[in-house]
1. Report those strands (runs of 3 or more DSSP E) wholly inside region 172-258 carrying at least 3 residues which are over 30 Å from GLN154 (Cα atoms) and touching a helix residue (DSSP H, G or I) at 6+ places or on another chain (Cβ under 8 Å).
2. Filter region 260-304 down to the residues that are closer than 21 Å to ALA192 by Cβ, open to solvent by 60 Å² or more (accessible area, probe 1.4 Å), at pLDDT 95 or above and assigned to a loop (DSSP other than H, G, I, E, B) and list them by number.
3. Can you go through VAL60, VAL67, VAL100 and tell me which one is open to solvent by 60 Å² or more (accessible area, probe 1.4 Å) and either touching a His at 6+ places or on another chain (Cβ under 7 Å) or closer than 20 Å to ALA143 by Cβ (or both)?
4. Which of the residues spanning region 206-225 are within 13 Å of the chain's Cα centre (by Cα) and aromatic (Phe, Trp, Tyr)?
5. Quick check on my filter: what residues within region 245-260 are among the β-branched types (Val, Ile, Thr) and touching a residue at least 60 places away in the same chain (Cβ under 8 Å)?
6. When only residues in region 226-251 that are over 18 Å from TYR151 (Cβ atoms) and buried (at least 21 other Cβ atoms within 10 Å of the Cβ) count, which is farthest from the chain's Cα centre (by Cα)?
7. Within the set of pairs 6 or more residues apart or between chains, which connect a residue that is without any contact (Cβ under 8 Å) to a residue 40 or more places away in the chain inside region 1-25 to a residue that is in a loop (DSSP other than H, G, I, E, B) with Cβ atoms less than 8 Å apart?
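The values are calculated or read from the model by the stated rules, or taken from the named source; none is laboratory data. Just so you know, these numbers come straight off a predicted model, no measurement behind them. Cβ placement follows ideal geometry from the backbone for every residue including glycine, while neighbour counts extend to all protein chains displayed. Ligands, DNA and RNA are stripped out before the accessible areas are found, and what is left, the full protein with its side chains, is counted by its heavy atoms. Shrake-Rupley method; radii C 1.70, N 1.55, O 1.52, S 1.80 Å.
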Amino acid sequence: MDINSKIYIAGHTGMVGSALVRKLKADGYNTLLFRAHKELDLLDHNAVNNFFSIEKPDYVFIAAAKVGGIQANNTYRGQFLYENLMIQNNIIHEAHKNSVKKLLFLGSACIYPRNATQPIKEEYLLSDKLEPTNEPYAIAKIAGIKLCENYFHQYGNDFISVMPNNLYGPNDNFDLETSHVLPALLRKFHEAKECNKNSVEIWGSGKPLREFLHVDDLADACVFLMQNLSANQLYSFGISHINIGSGDEISIKQLALMIKGIVGYEGEIVFNSNIPDGMPRKLLNTSRLNAMGWEPNIKLENGLNSVYEWYLDKLPMS
């Protein structure tokens, strides 16, 4: 990419997309393409076709997706599968038709088997059964990875895929019914503190281990890979995507205690074991990315403090 390249960020208002916008603007890229949902419905193939035909972007980041936490994934199974398939298929195909120079597709670590050996290598994709609670979302993301891979093999398109682990940061979803675990915990502890509640309920047993990556680190890694990793290089490794992670993991219980301390809540924590835990452990092997010269910069506690400050700033004035 050069400074004047036309760069389309699909999903620019979301947590990942907005982080990519911040990173690209900070690096001096000045021709960024955005479209709000009301202007461009990514589920509508004709609308996506018209957009690419008119705008002719040089580079594309696909950060648009239907996303949610364990309960949303398990509840809206058909919707998560259908909408994610449609969004990514429309964008990837139109990028191919319109000779986009390079495309980066963002997936999720939930693509890996539930009981994959840890830390998870890229080669473990499709080696065993998926976690049932997020299987539809994972299948959609796997399809996106394979679409990029096979558009390279058949047509020579420079399309690559990256798989980040659990993300957090500004513009996250804090809805308690549809959010991921980290923003849900931040909101629960804050509201419990404000309302002087005696306890906070945490879904699941608290035992699963998770790796968290600040979204600004993810954006930095994505731009790095767009500049430094070609599809030819990626697929010559015998893999279909590359992992992005922090390299550190923490149990949900430890995370809850850390957030409890940051928020300043003094009540009790109650774990609801009737809610499924999801995958018992999910730590990515990022040795390939690290060998290329990229490392994360934001430690979890520092990131949590900054996100809590962002959350407080966004709350309506009482």
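1. Values: elements: 199-203, 212-214, 242-244.
Result: 199-203.
2. GLU266
3. Checking each option against the conditions leaves just VAL67.
4. Within region 206-225, just PHE212 meets the criteria.
5. Of region 245-260, the ones among the β-branched types (Val, Ile, Thr) are 250, 252, 259.
Hits for region 245-260 are ILE252, ILE259.
6. GLU249
7. If the second residue must be in a loop (DSSP other than H, G, I, E, B), the pairs left are ILE3/GLY28; ILE3/TYR29; ILE3/ASN30; ASN4/ASN30; ASN4/THR31; VAL21/HIS12; VAL21/PHE34.
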